[in-house]
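Structure first, commentary second.
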Amino acid sequence: MTTLLNGRPLDGRVAVITGASSGMGADTARRLAELGAAVALVARRREKLSALAADITSSGGTAIALPVDVTDRVAVRTAAQRVADTLGPADLVFNNAGVQLISAIDALEVDDWQRQIDLNVTGVMNVIAAFLPHLTAAAERGRPADLINTSSIAATRILEKFSIYSGTKAYISHLTRLIRVELGRKNVRVNAIEPGMVDTELPDHVTDPDASALMAGLLRDIECLSGADIAETVAFIAALPRHVNISELVILPTAQAV
C-alpha cells in the first residue's frame, strides 16, 4: 500500500499494542516501530509475540513481548508496570484485542457470549484502567497521548446473528465518545476506529455458515482491507499535531456496501 507517513514522526513515543500476535495488531506494531516508537506487544501467544519482537528488533526497532491475557486485570496492571520500567510510561495505547463469535441468538451459545464480553468489553476496560495513568501523565508533561480503541462497523449496522459481537463493539464506540469528553479536557486524545472487512484471522473463529459465507464472499469479490491499512491509519492518527483528535473513524474497503 502507499504509505501516508515518512521519516520517524513517532520518535520518543512508547506504544502498547494489544492483540499484537497477529493481524492488525502485529502489522500496527511493525509500522509504529518503523516510525520510531518503542513498542510493547501484548497478547496471549508467547511464541508469536517473541518472534514479532525479535523481527522488529532485528530491523532496528525497539520491542518487548508481554504474554498477557487482557481479561486478567492483575496481569494487565503488572504488564503496565513492566512497560514503564523497561520502555518508560506509555503515551500511545492501541486497545485492539478482540474476538468474533457469530451465532443466532436462540442457539443460546452462552459460552461464546461470555467469551466475547470478557475479551471485547472487560479486556478493553482492563487495558484502559492499567494504562490511563500513563496517558494522563504524558499529557500533563505536554506530550501527545493517544488511546485508540478498535471497534467495528458492526457497532452500528444491523447484521443478522452478529448480535453479541455487535453489542460489544457498540459498547466500545459509545464508551469512546463518552470518555473522550473527560479525557479531552486533559489533552488525552481518544479515538475509535471502526473497520469494515479486514483480511485477518479473525473470521477464522466464525463457525456459523451464514456469517462465514458473508465474509468469504467479501474476501472473494472485493479488495478488502489489510492489517497494513489499519496500521497506517493508526500511525496517521498518532502522528497528528497534539491538538488534533480524530475521535471516530470508519474505515471501509471502497467496494464494501454492507
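The values are calculated or read from the model by the stated rules, or taken from the named source; none is laboratory data. All of these numbers come straight from a predicted model, not from anything done at the bench. Because the Cβ atoms are built from the backbone with ideal geometry, glycine has one as well, and the counts that use them run over all protein chains shown. Remember, those area values only see protein heavy atoms, side chains included, never the ligands or the DNA or RNA. Shrake-Rupley method; radii C 1.70, N 1.55, O 1.52, S 1.80 Å.
Suppose we filter the range 83-108 for residues that are closer than 13 Å to Ala37 by Cα, in contact with a Ser or Thr (Cβ under 9 Å, 6 or more places away or on another chain) and in a loop (DSSP other than H, G, I, E, B); how many remain?
Number of matching residues: 1.
Could you please give the count of residues in the range 23-51 that are touching a Leu at 6+ places or on another chain (Cβ under 9 Å) and either among the aromatic types (Phe, Trp, Tyr) or not in a helix (DSSP H, G or I) (or both)?
Result for the range 23-51: 9.
Taking the condition of being free of Cβ contacts under 8 Å to residues at least 12 places away in the same chain and either part of a loop (DSSP other than H, G, I, E, B) or open to solvent by less than 60 Å² (accessible area, probe 1.4 Å) (or both), how many residues in the range 217-239 meet it?
1
Of the residues Leu32, Leu66, Leu101, Leu49, which single one is without any contact (Cβ under 8 Å) to a residue 60 or more places away in the chain, open to solvent by less than 60 Å² (accessible area, probe 1.4 Å) and closer than 21 Å to Thr200 by Cα? Give the steps one after another, and end with the answer.
Numbers: Leu32 fails: without any contact (Cβ under 8 Å) to a residue 60 or more places away in the chain; Leu66 fails: closer than 21 Å to Thr200 by Cα; Leu101 fails: without any contact (Cβ under 8 Å) to a residue 60 or more places away in the chain.
When all the criteria are applied, what remains is Leu49.
With the structure loaded, tell me whether Gly60 is part of a loop (DSSP other than H, G, I, E, B) and either farther than 25 Å from Val190 by Cβ or free of Cβ contacts under 8 Å to residues at least 24 places away in the same chain (or both) or whether it fails that test.
Details: part of a loop (DSSP other than H, G, I, E, B): yes; either farther than 25 Å from Val190 by Cβ or free of Cβ contacts under 8 Å to residues at least 24 places away in the same chain (or both): yes.
Spelling it out, Gly60 is indeed part of a loop (DSSP other than H, G, I, E, B) and either farther than 25 Å from Val190 by Cβ or free of Cβ contacts under 8 Å to residues at least 24 places away in the same chain (or both).
In the range 241-258, what residues are open to solvent by less than 30 Å² (accessible area, probe 1.4 Å) and either under 24 Å from Gly12 (Cβ atoms) or over 14 Å from the mean Cα position of the chain (by Cα) (or both)?
Taking the range 241-258 and keeping what is open to solvent by less than 30 Å² (accessible area, probe 1.4 Å), we get 251, 253, 256.
Scanning the range 241-258 gives Pro253, Gln256.
With a cut-off of at least 2 residues that are closer than 19 Å to Thr28 by Cβ, name the helices (runs of 4 or more DSSP H) lying wholly within the range 109-210.
Values: elements: 110-116, 124-140, 163-184.
Here the list reads 124-140, 163-184.
Could you list, in sequence order, all residues of the range 69-87 that are exposed (fewer than 15 other Cβ atoms within 10 Å of the Cβ) and of a type in the set (S, T, N, Q)?
Scanning the range 69-87 gives Thr78, Gln81, Thr86.
Given the conditions (1) more than 19 Å from the chain's Cα centre (by Cα); (2) over 23 Å from Glu232 (Cα atoms); (3) assigned to a helix (DSSP H, G or I), which single one is not true for Ala75?
(1)
Can you pull out the residues in the range 179-215 that are among the aliphatic types (A, V, I, L, M) and closer than 17 Å to Tyr165 by Cβ? Write out each step before concluding.
Keep residues of the range 179-215 that are among the aliphatic types (A, V, I, L, M), which gives 179, 181, 183, 188, 190, 192-193, 197-198, 202, 206, 211, 213-215.
Ala192, Ile193, Met197, Val198, Leu202, Val206, Ala211, Ala213, Leu214, Met215 - these are the residues of the range 179-215 that are among the aliphatic types (A, V, I, L, M) and closer than 17 Å to Tyr165 by Cβ.
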